[in-house]
Amino acid sequence: MLLSIVIIGVLLVANNVDAFVRRDVSTTTSQPKILESFQRNIDQFRNCIDQSLAKAVSEVNEKQLEPVLAVVGDQLNRISKAFEVLTVPKTPPE
């Protein structure tokens with residue numbers, strides 16, 4: 001008896017689920033809103049990165065860069081000398 005009441009109750013609830021779960025198919029504008037929001041967020045992110053880089057570059061002093069440029073120059077000189085040594089044409093032994 002109790003089992004039949006439970007089964008009837010489950011069937012009644014299953015039939016009434018359509019009343020509780022409804023999907024509005026008429027609104028198809030959610031996709032463009034998401035894309036517009038994403039594009040706006042990307043633009044804001046780009047502006048933030050641009051401003052951060054501009055601020056960082058404006059705080060750099062030439063005196064701060066001299067040691068770095070000196071090291072880079074030394075390394076380039078070493079590389080060019082090694083390149084010259086390695087690319088010298090070999091003279092045949094006489």
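Observations on the structure shown:
- Loop sites in segment 43-94: trypsin sites (Lys or Arg not before Pro), DSSP, at most 16 other Cβ within 10 Å: LYS90
- Legend: calculated FRET efficiency, LEU53 to ALA82, from the Cβ-Cβ distance at R0 = 35 Å, rounded to 0.05, equals 0.50.
Bear in mind these aren't lab numbers, they're just calculated from the coordinates by the rules spelled out. Owing to the predicted nature of the structure, the values given are computational and were not obtained by experimental measurement. Methodologically, a virtual Cβ is constructed for each residue, glycine included, from the backbone with ideal geometry; neighbour enumeration extends over all protein chains shown.
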